[in-house]
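For reference, the structure discussed in these notes is given below.
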Amino acid sequence: MLTRYVPRSVATCRNWAIIVAWLIALPCGAFADDLLSPGDVLDVSAAGLPDMRLSSTIDADGQAMFPLLGQLKAAGMTLSELRERIRELLPTKVFRRRTPDGREYPVVITPDEVTVAVSEYRPVYLDGDVARPGAQTYRPGMNVRQAIAVAG
């Protein structure tokens with residue numbers, strides 16, 4: 001057996017190198033949902049209410065500002081975690097609609113009607129020996145190898 005003549009520490013390092021190379025080749029989304037970060041643009045809407053379409057960019061402090069909800073911490077959360085948080089808060093707010101004759105009436109929003117999506121992800125920046133250095137559009141699950149391929 002060949003490993004018998006190779007010192008154990010070298011064989012162990014070789015095994016670790018194979019494991020690390022395999023992990024690098026996997027897309028990031030294979031382990032968990034992508035975390036929201038500053039620069040991501042979020043859209044919140046409610047079914048049946050076209051007036052109820054809110055959009056917000058996560059700022060440098062990790063906060064997203066929504067008209068009915070105020071500031072929410074969004075950075076570091078997954079989209080599903082943020083969706084659950086908004087579904088908890090939005091039904092507690094009163095949304096008023098106006099009729100064509102000017103009267104107002106309250107609208108109750110149920111959690112099932114609320115959708116939250118990322119309309120635009122923050123860019124990733126590449127520099128070095130690539131054809132198109134600078135900002136590249138991020139896609140969920142993108143790994144370093146894919147970002148370099150996009151940059152040429």
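Okay, here's what the table says:
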| quantity | calculated |
| --- | --- |
| Among the residues listed as 60, 64, 75, the single one being surrounded by fewer than 13 Cβ atoms within 10 Å (Cβ to Cβ) and not in a helix (DSSP H, G or I) | 60 |
| Single match in 104, 84, 120 (criterion: touching a residue at least 40 places away in the same chain (Cβ under 8 Å), among the charged types (D, E, K, R) and open to solvent by 30 Å² or more (accessible area, probe 1.4 Å)) | 120 |
| Residues being open to solvent by 80 Å² or more (accessible area, probe 1.4 Å) and touching a residue at least 12 places away in the same chain (Cβ under 8 Å) - total across the range 123-139 | 3 |
| Residues (open to solvent by 70 Å² or more (accessible area, probe 1.4 Å) and over 23 Å from the mean Cα position of the chain (by Cα)) located in the range 87-101 | 92, 93, 94, 96, 98, 100, 101 |
| Residue identified as within 26 Å of residue 136 (Cα to Cα), acidic (Asp, Glu) and modelled with pLDDT under 85 among 59, 34, 51, 112 | 34 |
| Residue tally, condition of a type in the set (Lys, Arg) and under 13 Å from residue 116 (Cα atoms), over the range 62-103 | 3 |
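The values are calculated or read from the model by the stated rules, or taken from the named source; none is laboratory data. Keep in mind it's a predicted model, so treat the numbers as computed, not measured. Neighbour counts run over all protein chains shown; Cβ positions are idealised from the backbone, glycine included. For the accessible areas, the whole protein counts, side chains as well, though only heavy atoms, and no ligand, DNA or RNA atoms are used. Shrake-Rupley method; radii C 1.70, N 1.55, O 1.52, S 1.80 Å.
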